[in-house]
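Everything below concerns the one structure shown next.
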Amino acid sequence: MTTNTGNSDTDSVSAGTHAVPGEYSHKQVLTILTGLLLGMFLGSLDQTIVSTSIRTIADDLHGLAAQAWVTTAYLITSTITTPIYGKLGDLWGRKKLFMFAISVFIVGSVMCSFATSMYQLAAFRAFQGLGAGGLFTLVLAIIGDIVSPRERAKYTGYFMATFATSSVLGPVIGGFFAGAPTILGLTGWRWVFMVNVPIGIVALIVVFRTLHVHHVRRPAPIDWMGAAALVVALVPLLTVAEQGQKWGWGTGRSIACFVIGAVGVIAFLAAEARMGRNALIPLGLFKIKAASVTVVASVVVGAALFGGMMMLPLYLQIVHGASPTKSGLLMLPMVLGMMTAALISGKITSVTGKPRIFPIFGSAIFTVGMLLLAQITADTHLWLVMAFMLILGYGVGNCMQPLLLTMQSAVPPQAIGMATSSATFFRQIGGTIGVAVFLSILFGTVGSHIGDAFGDAARTPAFSAAMQKYGEQAQAGHQSPNTELVRELKLQQEGRPLPSDGIFATITDDSSVINGLDPVLAHPFKVGFAQSIVKVFWIVSGIGVLAFLVLLLMPDVELRDQSAAAAAAAQRAAAAESAG
């Protein structure tokens with residue numbers, strides 16, 4: 001590759017390194033990939049660690065009611081910045097932008113480590129999300145720069161291995177930190193965020209030393225109006241998606257969020273139409289059939305995948321009493337299915353250059369897996385649930401990478417960052433909607449399901465014997481954390497009214513109470529949760545069918561044999577030749 005003369009924000013590889021301008025050898029790709037995977041590992045590990053330990057953090061900061069804001073704040077900023085990073089990377093180059101994203105993420109992690117309240121932690125997580133938005137998007141776009149879409153399928157295994165490792169290590173590390181009183185003078189849970197610092201510093205050093213990608217800067221106006229309108233649109237819509245179940249979907253706050261969000265969407269569309277090809281998400285993208293189908297499929301698949309898969313840890317922890325660490329390990333079959341599918345589809349795609357069949361096949365397998373999971377109960381053996389998760393994971397593994405490869409091949413090489421961020425952005429939006437809707441369904445139906453299960457169990461001799469045992473212990477003066485709950489169960493059994501603010505009414509806020517009960521008394525609660533989770537699985541199965549039908553519309557796109565960098569080099573050479 002020829003040496004850059006000032007139009008690049010990154011160091012270029014010395015002249016003569018590549019046989020063909022813009023092409024990279026397998027060894028060079030692996031060297032660059034090292035830093036990229038560290039950045040991706042940083043972001044994915046953080047998500048799994050925090051989700052495992054958030055309840056411990058909330059208890060220590062005395063802010064259980066504000067727990068959702070910590071998740072919402074991070075989600076809003078990381079989602080909003082995803083398309084912004086993609087567009088700026090296309091214009092200015094990706095190396096310095098990637099290092100900036102990692103640096104912001106590190107600083108945000110340190111700030112989170114010293115939070116003294118849940119609202120302060122939410123503010124710091126919002127700052128951390130400003131960096132997180134660039135981690136996944138820029139990694140995938142940089143790979144698109146240096147490796148052709150066809151060859152990129154061969155490297156899918158590295159990304160899936162990174163995701164799998166973080167998925168398994170996250171709950172284990174999060175459980176360890178959350179359970180430790182202090183480590184090196186800091187409260188254990190604060191290391192949930194501090195652990196990002198050494199990983200991030202190593203990633204920065206490796207990226208600085210290995211990420212040598214040539215970039216020609218293209219002068220173009222920045223779509224600041226589009227970015228501002230996107231903020232106005234997404235902040236209230238993502239907020240109500242996360243908080244609507246708690247607020248009530250018809251309350252004044254929810255309606256205000258919907259109205260402001262709608263105004264923001266209209267303003268965003270107007271800004272993008274005015275900016276044309278320089279827009280944050282050019283509306284011309286939707287004139288490309290492969291790209292428009294990918295966008296719609298990303299929303300639907302994101303809702304099904306993230307919304308449906310998040311129910312599995314809840315089922316394992318609440319119904320089967322697994323600890324967060326154990327539930328992470330029990331998810332291994334799904335991770336194994338994802339890795340296997342990604343490796344096989346990647347190998348075949350690199351030979352044929354045609355990925356269309358894999359997301360169609362994957363959505364069908366995903367639907368089958370969800371239909372099987374919709375048959376489980378509170379008493380289903382774990383080995384059977386894990387077998388169903390293996391099938392589910394195999395379907396997921398066929399969906400993710402092929403959709404992204406199709407999107408990147410459907411647009412011009414110079415727009416690969418925008419295409420990558422758009423696919424990621426719409427998948428996150430779908431996931432957010434799915435999580436919000438399915439959690440609303442879960443907690444909106446679990447009360448009635450528990451009541452029905454309790455009514456059936458109350459007529460059995462075993463249940464009456466367990467209630468009598470607790471009654472005798474209470475009369476003898478043996479109080480336990482569950483004594484008040486058992487008293488309420490007795491009132492329920494006798495058909496008497498329950499206190500509106502009692503433990504029985506708020507058990508969905510702290511499901512750990514269930515595991516402290518006598519197994520006979522706990523079983524109706526587990527049955528109720530299992531029935532509500534299964535109801536979600538049925539709905540997700542229907543969304544899986546919708547994803548399958550949408551993906552049938554995907555045109556047969558053949559992946560390019562040139563990387564974005566090689567295509568750009570060829571365009572420059574052709575322009576120079578015509579000018580000469």
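The values are calculated or read from the model by the stated rules, or taken from the named source; none is laboratory data. Because the structure is predicted, anything quoted here is derived from the model rather than measured. A quick note on method: Cβ atoms are made from the backbone with ideal geometry, for glycine too, and the neighbour counts reach across all protein chains shown.
The table that follows gives values for the structure above.
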quantity: Complete set of residues in the stretch 237-287 that are more than 23 Å from residue 442 (Cβ to Cβ), at pLDDT below 90, in a helix (DSSP H, G or I) and not charged (D, E, K, R); calculated: 275, 276, 278, 283, 284, 285, 286
quantity: Every pair of residues 6+ apart whose Cβ atoms lie under 8 Å, when the first sits in the stretch 347-369 and is more than 14 Å from residue 394 (Cβ to Cβ) while the second is of a type in the set (Val, Ile, Thr) and modelled with pLDDT under 90; calculated: 354/557; 355/349; 355/406; 355/557; 356/406; 356/557
quantity: Tally, over the stretch 341-362, of residues that are in a helix (DSSP H, G or I) and at positive phi; calculated: 0
quantity: Residue check for residue 137: over 21 Å from residue 85 (Cα atoms) and among the polar types (S, T, N, Q); calculated: no
quantity: Residue list for the stretch 301-333, restricted to those being within 30 Å of residue 150 (Cβ to Cβ) and either crowded, with 24+ Cβ neighbours inside 10 Å or free of Cβ contacts under 8 Å to residues at least 60 places away in the same chain (or both); calculated: 301, 302, 303, 304, 305
quantity: Odd one out for residue 385, checked against (1) under 21 Å from residue 551 (Cβ atoms); (2) buried (at least 18 other Cβ atoms within 10 Å of the Cβ); (3) not aromatic (Phe, Trp, Tyr); calculated: (1)
quantity: Residue 511 vs. criteria modelled with pLDDT of 90 or more and farther than 30 Å from residue 29 by Cα; calculated: no
quantity: Test set (1) within 19 Å of the chain's Cα centre (by Cα); (2) β-branched (Val, Ile, Thr); (3) within 30 Å of residue 416 (Cβ to Cβ) - residue 104 fails condition number; calculated: (1)
quantity: Search result, residues across the stretch 267-296 that are surrounded by fewer than 13 Cβ atoms within 10 Å (Cβ to Cβ) and farther than 17 Å from residue 222 by Cβ; calculated: 287
quantity: Criterion (modelled with pLDDT of 80 or more and not acidic (Asp, Glu)) met by exactly one of 463, 438; calculated: 438
